[in-house]
Each structure stands twice: as structure tokens, then as C-alpha cells.
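Everything on this sheet refers to the single structure shown next.
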Amino acid sequence: MLLEFSSSIMCLILSGKVGSNIASELGTMRVTQQIDALEIMGINSASYLILPKTLGLITIMPFLVIFSAATGIVGAYATAYLGHIITPTDLTAGIQHNFNPWFMWMSIIKGIFFAFIISTVSSYMGYTVKGGSVEVGKASTDAVVSSSVLILFSDVFLTQMLS
């Protein structure tokens, strides 16, 4: 729960929802020349449009990781109680057995890295769209696929580095 589910799987799901949204939003702005209008006004469009998305996702990710882990533990208790699989006392003993607090910090650190990957890859894919609405859809799909693959690859390396 702590090492993989609350950070990796949740970020894979978020890359599908948030990554697609970021890429399509920026792609639509590029196609409809809204980004060009910002640049003509002298505004650094990349920092104006991309930086808040990246900072926002990085800021909220630790809270989402903690919420995901807590929800998973509550779900384990509910399943154990309703299914009469194991007593809550035994489940608590099992959760506390060999518990390492570093695993929670490790999950939060991984979540922050994954948030950076989701926001930057999706922003790049949307910001560099050329063409029309079909290309915006392709960029959105490419953003989800690319960020998902990068999350899976970086999960392997981060787990090895942080363990």
C-alpha cells in the first residue's frame, strides 16, 4: 500500500485525467492562437501557463498520497470487518509488524517526482501542438502514454535509489 499503490498507481490514474486535461487545454490554446496573443503582449506564456500547473500538482501530491494510503487502510479494515476475514486486532498487528516510517516518506517523495513528470510532459505535449483539433487529441493521448511510461520507469529507479 505505502510503497506502490498510494504513489505509483494513483499517479498513473492522475496522468490519465490531469495529464490529458493539461495537454488538451494548452493544445487548444495553441491552436486558437491564445498563446501567441500572450506572447505578443509581452507575457512569458510558458511560465504563465505551465508553472502554476506544475507547482499546483507538486504541492497537492503529498496530500493525495497520504489520503490514498489512509483510504486504503480504512478499506482494509472495512473488508476485514465486513468479510469476517480477519479480526481488526489481527489486522492492526499485521500493519504494525515491520512497519517502517521511511516507506511513507518514500511514497511522498515518489509522488512529488511523478507529479513533476505528469505536469511537465503533459504541458510540453500541449504547448507544442501544431495543427488543429485532431492534433490536440493526439497530443492529449501522447501525453497520457508518455507520462505513464515515464512514471513506471522512474518508479523502478526511485524505489531502488530510496530503499
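When the residues of region 68-112 are narrowed to those that are among the aromatic types (Phe, Trp, Tyr) and closer than 20 Å to residue 163 by Cβ, which ends up modelled with the lowest pLDDT?
For region 68-112, the residue satisfying everything is 99.
So residue 55 passes all but one of these: (1) surrounded by 14 or more Cβ atoms within 10 Å (Cβ to Cβ); (2) assigned to a helix (DSSP H, G or I). Which condition number does it fail?
For residue 55, the failing item is (1).
For residues in region 35-52 being in contact with a Ser or Thr (Cβ under 8 Å, 6 or more places away or on another chain) and without any contact (Cβ under 8 Å) to a residue 40 or more places away in the chain, which is surrounded by the most Cβ atoms within 10 Å (Cβ to Cβ)?
Of everything passing the filter in region 35-52, 38 is surrounded by the most Cβ atoms within 10 Å (Cβ to Cβ).
The values are calculated or read from the model by the stated rules, or taken from the named source; none is laboratory data. Just so it is clear, the model here is predicted, and its values are computed rather than measured. Glycine also receives a Cβ, built like all others from the backbone with ideal geometry; neighbour counts cover every protein chain displayed.
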